[in-house]
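Chemist: Following this message is one structure expressed as structure tokens.
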Amino acid sequence: MSWRAEAERLRQASGYVSGISVREASRIAGRRRFVNLQSNENLFVPKRVMEALVRRALKDLDLRLYPKEVIEDLISLIAEREGLPAENVLLGHGADQLIELILRAFGKDRTLLIHSPTYSYYPVAGIGVLKRVVEVEFEDNERLNLRAIQRENPDLVFICSPNNPTGGVVPEEDLKELLSFYRGLVVVDETYAQIAGITYRDLIKSHDNVIVLRTFSKAFAMASFRIGYAMAGRTIMEALSRIQSPFPVTSLSAKVAYLALKREAYFRRIWKKAIETRSWFEGRLSSKVRRTRSSTYFLTISTSRSSEEVFRALLKRGYITRIIKPFRGFENPIRLNMAPKSLIRDLPDAINGLV
Ligand SMILES: Cc1ncc(COP(=O)(O)O)c(C=O)c1O
């Protein structure tokens with residue numbers, strides 16, 4: 001296929017939509033200040049805390065050089081915290097780049113199975129690589145559809161736990177059952193796992209077909225730094241590290257991640273607060289507002305009004321949320337993440353007024 005035909009084919013594909021900019025929100029809603037609840041960013045960490053970490057990081061770095069020692073130090077620290085040898089950890093330019101790397105390595109002309117609704121970048125990352133993406137429904141919000149996996153027998157299964165956009169955690173027994181019969185590759189995306197406090201990382205010790213993904217974007221409020229990591233057994237790690245780009249993360253990202261991990265106790269308090277805020281928020285929502293069973297700091301709601309109408313009404317009140325595709329029981333879904341209570345105090349009532 002010529003590049004022109006390829007470009008035409010890609011132009012027709014449905015790409016990843018990353019929400020709207022504050023500038024665009026201002027234009028639509030005619031106001032300047034918003035609380036941005038659309039991208040699951042961690043607003044519980046004050047901006048000045050991250051700025052202080054950057055200043056501290058810069059003291060030790062020579063930004064003219066490629067990142068080397070700083071990467072080794074970070075990998076050692078991650079490995080220590082995860083209770084794994086350093087060979088089982090691979091850094092990437094955000095979890096997104098690791099998803100691409102995994103698909104490049106193991107997805108060529110293969111079939112990927114995902115449970116809907118889930119992170120919408122998976123199929124997009126597979127464009128030009130995968131032969132097919134099979135979408136099946138979760139059973140009861142967060143349970144794996146094991147019968148469908150058996151029936152479809154895909155080459156790869158991506159599981160997001162806690163799942164974006166529902167916040168549901170896949171039960172351990174489901175994963176264990178899956179691994180008892182399935183020999184394909186299982187990728188568990190744990191982008192939100194630290195906050196929920198539930199991880200399946202130890203499965204990589206007993207199963208050589210499991211990769212667990214993590215990121216600093218959410219738990220450590222480092223979305224702009226673009227740094228994540230994969231954990232897996234030796235065979236997978238050696239394969240992935242052969243084809244990873246030479247320097248996928250910057251020294252600054254690696255150093256800030258290192259300093260943040262060293263201060264994990266502080267971030268743990270933040271995670272607790274984020275979860276408490278979700279409970280408070282849910283407690284104030286009317287029973288008429290349908291919501292997903294979330295174990296983390298975001299959730300999806302649905303009311304009798306259309307997603308577009310709710311999105312616009314909340315935008316007028318100064319809240320940017322995310323419209324997502326309807327799924328079973330959620331005809332008009334809107335996803336929103338929590339933020340410090342002082343910023344979202346009147347949000348539950350604003351939503352209750354839209355049932
Ligand atoms: C489920 C999931 N995986 C991966 C990512 C991307 O993470 P990163 O910022 O590390 O690329 C996101 C971001 O929203 C996500 O929700």
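Here, each number is a calculation from the coordinates, and none is a lab measurement. Note that the structure is predicted; figures quoted are calculated from it, not measured. FYI the Cβ positions are ideal-geometry reconstructions off the backbone, even for glycines, and counts take in every protein chain you see.
Chemist: Please compute the length gained on full extension between residue 239 and residue 263, using 0.36 nm multiplied by the number of residues separating them and subtracting their Cα-Cα distance.
Modeler: 5.4 nm
Chemist: Further, regarding this structure: What list do you get for 285, 347 if you sort them by fewest beta carbons within 10 Å?
Modeler: On the way: 285 19, 347 23.
Placing the least packed residue first, the sequence is 285, 347.
Chemist: Right, next: Using θ = phi - 60° and the Karplus form 6.51 cos²θ - 1.76 cosθ + 1.60, what ³J(HN,Hα) does each residue of region 338-352 get, whole Hz, x for Gly and Pro?
Modeler: Going residue by residue, I get 7, 8, x, 3, 4, 8, 10, 3, 9, 5, x, 5, 4, 6, 4 Hz, with x marking Gly and Pro.
Chemist: Another one. Calculate the FRET efficiency for residue 81 and residue 172 from the Cβ-Cβ distance with a Förster distance of 22 Å, rounded to the nearest 0.05.
Modeler: According to the calculation, E is roughly 0.60.
Chemist: For residue 134, what residues show an amide H to amide H distance below 5 Å, using hydrogens built from the backbone and excluding near sequence neighbours?
Modeler: Here 112, 113, 114 satisfy the definition.
Chemist: So, one more: In whole Hz, what ³J(HN,Hα) sequence does region 205-210 give by Karplus (6.51, -1.76, 1.60; θ = phi - 60°), x for Gly and Pro?
Modeler: Taking θ as phi minus 60°, the curve returns 6, 9, 10, 7, 9, 10 Hz for region 205-210.
Chemist: What order, most packed first, do the peptides 288-296, 214-222 have when packing is the mean number of other Cβ atoms within 10 Å of each residue?
Modeler: Packing proxy ranking, top to bottom: 214-222, 288-296.
Chemist: May I pose another question? Can you work out the FRET efficiency for the pair residue 11 and residue 308, with r the C-beta to C-beta distance and R0 = 25 Å, to the nearest 0.05?
Modeler: 0.50
Chemist: Listed highest first by mean packing, meaning other Cβ atoms within 10 Å per residue, what order do 121-133, 102-114, 160-172 come in?
Modeler: Ranking the peptides 121-133, 102-114, 160-172 by packing returns 160-172, 102-114, 121-133.
Chemist: Let me ask something else about it. Spin-label point model (7 Å from Cα, Cβ direction): what's the residue 139 to residue 49 distance in nm?
Modeler: Placing both labels 7 Å along Cα→Cβ, they lie 4.0 nm apart.
Chemist: Rank 150, 57, 122 by how far each Cα sits towards the positive end of the charge dipole of the chain (+1 on Lys, Arg Cβ; -1 on Asp, Glu Cβ) and give me just the farthest.
Modeler: Selected residue: 57.
Chemist: Sorted from largest to smallest, which semi-axis lengths in Å does the alpha carbon gyration tensor of region 204-305 give for its equivalent ellipsoid, taking the root of 5 times each eigenvalue?
Modeler: 34, 19, 13
Chemist: OK, next. Alpha carbon centre of region 270-339 versus region 164-234: separation in Å?
Modeler: Cα centroid to Cα centroid, the span is 24 Å.
Chemist: What are the residues whose amide H is under 5 Å from the amide H of residue 189, where those residues sit 5 or more places off or on another chain and H is modelled from the backbone?
Modeler: 159, 160, 161, 213
Chemist: Moving on. Bin width 10 Å, origin at 0, all Cα-Cα pairs of region 47-263: what percent of pairs per bin?
Modeler: 8, 35, 36, 17, 5, 0
Chemist: When only alpha-carbon atoms are used, what values of Rg and Dmax, in angstrom, describe region 188-236?
Modeler: Cα only, region 188-236: 11.4, 34 Å (Rg, Dmax).
Chemist: What pairs from 272/316; 255/341; 131/205; 176/218; 108/218; 47/255 go past 23 Å between their alpha carbons?
Modeler: Pairs exceeding the cut-off: 272/316; 255/341; 131/205; 176/218; 108/218.
Chemist: Then there is this: Starting from the Kirkwood Rh over alpha-carbon pairs, what translational D in µm² s⁻¹ does region 88-158 have by Stokes-Einstein at 20 °C and 1.002 mPa s?
Modeler: For the chosen part, D equals 168 µm²/s.
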